[in-house]
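Participant: Okay, handing you the structure first.
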Amino acid sequence: MSDYPKTIDNDAGERLTFLGPGSGERQEVRSSVSPGAGPPMHVHYLQEEALTVESGTIGWQVQGGPEQTAGPGQTVTFAPGEMHRFWNAGDDELVCTGYVSPPDNLEYFLTQIYASMRASGSDRPRMFDAAYLLTRYRTEFGMAVPPPPVQRVLFPIVVAVGRLLGRHRRFAGAPEPISR
């Protein structure tokens, strides 16, 4: 019995379906985003991300660049290490297919972030979860907010306190970070 396709939902307007297990080269995905929703400015340090619009309008921006849009049939690609964001810039549901290459820990990381957002009841993950995941997987993923200097100083403190309180146990068995 296959666990795929596997859909995760963050309760903040984003549903991401992993179409199959990530092979060594790429993770195929399908994304549905409600109007106005989308991930904040983020980066995949080791991975290329590409999204092809099936329906709706995607708004996208590379850090420091202008906001842009793309429609059905158009593809937006973000290079490894390129801080970026995207959102549903239209009034109807945005549906995209795409990939992340190589997949590395993408499925685990996003599954945990989405679960934390659901648990928090907001459009942000719980503080310990964000600090733990962004610290553990800092070679793969990053966020623009809070600013990196704050993350380097504050997140290790949050992780240490969370460990003392046993909050890290929910991440038992987490895959090892990737570094290249």
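Participant: Tell me, what ³J(HN,Hα) does each residue in segment 38-51 have, in order and in whole Hz, if you take phi through Karplus 6.51 cos²θ - 1.76 cosθ + 1.60 with θ = phi - 60° and put x for Gly and Pro?
Facilitator: x, x, x, 4, 8, 9, 10, 5, 10, 10, 8, 10, 10, 10
Participant: Pop out the Kirkwood hydrodynamic radius of segment 106-171 from its pairwise C-alpha distances, inverse of mean 1/r, in Å to one decimal.
Facilitator: Taking the inverse mean of 1/r over all distinct Cα pairs, segment 106-171 comes out at 12.0 Å.
Participant: Further question: For segment 62-73, in order, what is each residue's ³J(HN,Hα) by Karplus, 6.51 cos²θ - 1.76 cosθ + 1.60 with θ = phi - 60°, in whole Hz (x at glycine and Pro)?
Facilitator: Result, rounded to whole Hz: 9, 3, x, x, x, 6, 9, 9, 9, x, x, x.
Participant: Here is a further query. To the nearest 500 deg cm²/dmol, what mean residue ellipticity at 222 nm is calculated for the chain from DSSP H runs of n ≥ 4 alone, each contributing -39,500 (n - 2.57), summed and divided by the residues?
Facilitator: Details: 3 runs with 42 residues, N = 180.
When only DSSP H runs of four or more count, the value is -7500 deg cm²/dmol.
Participant: For segment 96-103, take each phi angle, set θ = phi - 60°, evaluate the Karplus expression 6.51 cos²θ - 1.76 cosθ + 1.60, and give the result in whole Hz per residue in order, putting x for glycine and proline.
Facilitator: Couplings: 10, 10, x, 7, 10, 9, x, x Hz.
Participant: Using 1/(1 + (r/R0)^6) with R0 = 35 angstrom and r between the beta carbons of Val153 and Asp9, what's the FRET efficiency to the nearest 0.05?
Facilitator: Rounded to the nearest 0.05, the efficiency is 0.60.
Participant: Taking the beta-carbon count within 10 Å as an exposure proxy, list Ile178, Ile8, Ile113, Ile58 from fewest neighbours to most.
Facilitator: Fewest-to-most Cβ neighbours within 10 Å comes out as Ile178, Ile8, Ile113, Ile58.
Participant: Taking the Cα centre of the chain as origin and charging only Cβ (+1 Lys, Arg; -1 Asp, Glu), how large is the dipole, in debye to the nearest 20? Let's see the in-between values first.
Facilitator: On the way: 16 positive and 20 negative charges, 202 e Å.
Roughly 980 debye for the chain.
Participant: Fewest Cβ neighbours within 10 Å first, please rank Asp123, Asp129 accordingly.
Facilitator: Asp123, Asp129
Participant: Can you tell me how much longer the chain between Ala144 and Ala50 gets when fully stretched, taken as 0.36 nm per residue apart minus their C-alpha distance, in nm with one decimal?
Facilitator: 31.9 nm
Participant: Pairing the Cα long axis of helix 106-120 with the longest principal axis of the chain, what angle in degrees results, from 0 to 90 and rounded to the nearest 10?
Facilitator: Here the helix axis deviates by roughly 80 degrees.
Participant: With unit charges on the beta carbon (Lys/Arg positive, Asp/Glu negative), name the residue among Thr97, Thr57, Gly36 whose Cα is farthest towards the positive pole of the charge dipole of segment 3-103.
Facilitator: Thr97
Participant: What is the fewest-to-most order of Val100, Val161, Val43, Val153 by other Cβ atoms lying within 10 Å of their Cβ?
Facilitator: Listing Val100, Val161, Val43, Val153 from fewest to most nearby Cβ atoms yields Val153, Val161, Val43, Val100.
Participant: Another question about this same structure. For a distance above 20 Å, tell me the whole-number percent of Cα pairs in segment 6-101 that qualify.
Facilitator: 31 percent
Participant: Oh, and also: Label point 7 Å out from Asp91 along Cα-to-Cβ: which residues of segment 48-67 have amide N under 16 Å?
Facilitator: In segment 48-67, the label zone of Asp91 (backbone N under 16 Å from the point 7 Å along Cα→Cβ) covers 56-58.
Participant: What distance in nm lies between label points placed 7 Å from Cα along the C-beta direction at Ser122 and Arg163?
Facilitator: Distance between the two pseudo-spin positions: 2.6 nm.
Participant: Rank by packing, highest mean first: peptides 86-98, 163-175, 17-29, with packing defined as the count of other Cβ atoms within 10 Å averaged across residues.
Facilitator: Per-residue Cβ counts within 10 Å, averaged per peptide and sorted highest first, yield 86-98, 17-29, 163-175.
Participant: To continue, here is another question. So if I restrict to the alpha-carbon atoms in the chain, what is the Rg, and what is Dmax, the biggest pairwise distance, in Å?
Facilitator: Here Rg and the maximum Cα pair distance are 16.0, 50 Å.
Any read-out appearing in this document is the output of simple, stated calculations on the displayed coordinates, not a laboratory observation. Remember, predicted model here, so these are calculated numbers, not experimental data. Positions of Cβ are backbone-derived with ideal geometry, glycine not excepted, and every protein chain shown enters the neighbour counts.
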